[in-house]
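Please treat every number below as a calculation from the coordinates, not as lab data. Remember, it's a predicted structure, so these values are computed and weren't measured experimentally. Every residue, glycine among them, receives a Cβ derived from its backbone with ideal geometry; neighbour counts consider all protein chains shown.
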Amino acid sequence: MASKKEEYLGVGLDVGTSRIVIARRNESGYEFQSQLDAFVEVPNSRMTKTVLEKEGIPHLIRDNTILVFGNEAQTFANLFHSETRRPMRQGMLNPDEPDGLNLIKHIIQALASTSRTDREKLCFSVPAPPLGGGDTHSYHQAALRQIVTDLGYEAEPVDEGLAVIYSELEGSNFTGIGISCGGGMCNVCLAYLSVPIFSYSIGKAGDYVDEQAARASGEMATRVRTIKEEQFKFAAQYENNILQAIGVYYEDMVNALVDSLEEAFTRTKKVPRIAKPIPLVLSGGSSVPEGFVDQFKKSLESRKLPVAISDIRQAADPLNATARGALVATLSSM
Ligand SMILES: Nc1ncnc2c1ncn2[C@@H]1O[C@H](COP(=O)(O)OP(=O)(O)O)[C@@H](O)[C@H]1O
Ligand SMILES: [Mg+2]
């Protein structure tokens, strides 16, 4: 008989440009933990070090500086009016950030610690190639696999859009469209009875909104991001020029996403004839603002897809859907 502990084995890991999320099973279902995929450098002093340790804030000492990483990085960045540094960019390891891989390793370690058994199964999400082809992100995938293998896990990658389908579309036997709108990119997957038909990414997502709105309003992108997360909702009119700029670029992002969906169907030669209308699920941090789903529906109204969509809805827990789907994937590949 399987021991109680064994029932809960398996780990889902969502390595995003913006956040790293881990999912595990417990008595009441699922549990999630996350850290921001970002860091800042602060001057090294014994006092700061002591305080960070006391507060349990993840950090690394590096010569004259302390690298504060994870959730507190954004607070520190806002405090010092600086930008956070990001180990990843557009869904992949950031080639301009020499400390990136090392920092990701520490963030994953802070969340996943080490395998609870000899080679516990862990599925980690990976972005799909850009629509129209291009980099398959094989270096990124290999580097992540190495990190989790070093922590003692048996690691398997899972496509991010497919993970959303695993998490949200059990009700339609894993037929439908799963979309994850994150920081660096949006990932889209169409699956028929759990088999992926197409899967791709686009590089317009939350960071794009922040950067463009920052440029238009003369604010720092980190600051725009905070304002967006705390105050933004889709509206006909906006209270100030920062919210207005966010609105403009957010609409642009949604339109690009819907355009890409139309293009993906056109590019895919063998779309199965799906008789029944299929559901579409939106997830990820960028799907959170009020009015997002309606904005998506509005943008889709003017296009024609070769399959009928039954309903368009938001994932039950949009920030954790990818990690949850990656955990579901550990069961199917055991
Ligand atoms: N409440 C919110 N309103 C608007 N955007 C949000 C909110 N919460 C998170 N985001 C945005 O979601 C993006 C991160 O989404 P996430 O799914 O965590 O991304 P990733 O997969 O790239 O790590 C960021 O651009 C962040 O600013
Ligand atoms: Mg993500």
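Which one of MET47, ASN71, HIS59 has its Cα pushed farthest toward the positive end of the charge dipole of the range 38-85, where Lys and Arg give +1 and Asp and Glu give -1 at the Cβ?
MET47
Take peptides 237-243, 42-48 and line them up by average Cβ neighbours within 10 Å, highest first, as a rough protection proxy.
Packing proxy ranking, top to bottom: 237-243, 42-48.
Considering only DSSP beta bridges with both partners in the chain, what is the antiparallel share in %, to the nearest 5?
That works out to approximately 65 percent antiparallel.
With +1 assigned to the C-beta of every Lys and Arg and -1 to the C-beta of every Asp and Glu, and no other charges, what is the dipole magnitude of the range 38-85 about the Cα centre in debye, to the nearest 20?
About 120 debye.
If each residue of separation counts as 0.36 nm, what is the full-extension length gain between THR65 and SER302 once their alpha-carbon separation is subtracted?
80.0 nm
Enumerate the helices in the chain for which the Kyte-Doolittle hydropathy averages -1.0 or more and the C-alpha atoms extend at least 24 Å along the helix's axis, using complete DSSP H runs.
Helix filter hits for the chain: 241-267.
Quick one: dipole size for the chain, taken about the Cα centre, charges +1 on Lys/Arg Cβ and -1 on Asp/Glu Cβ, in debye to the nearest 20.
540
For a label point 7 Å from the Cα of ASN241 along Cα→C-beta, name the residues of the range 193-225 whose backbone N is under 20 Å from it.
In the range 193-225, the label zone of ASN241 (backbone N under 20 Å from the point 7 Å along Cα→Cβ) covers 209-225.
Hey, fewest Cβ within 10 Å first, where do SER115, SER287 land in order?
So the ranking, lowest neighbour count to highest, is SER115, SER287.
Given the -39500 (n - 2.57) contribution per DSSP H run of 4+ residues, what per-residue ellipticity at 222 nm results for the chain, rounded to the nearest 500 deg cm²/dmol?
Mean residue ellipticity at 222 nm (helix-derived): -12000 deg cm²/dmol.
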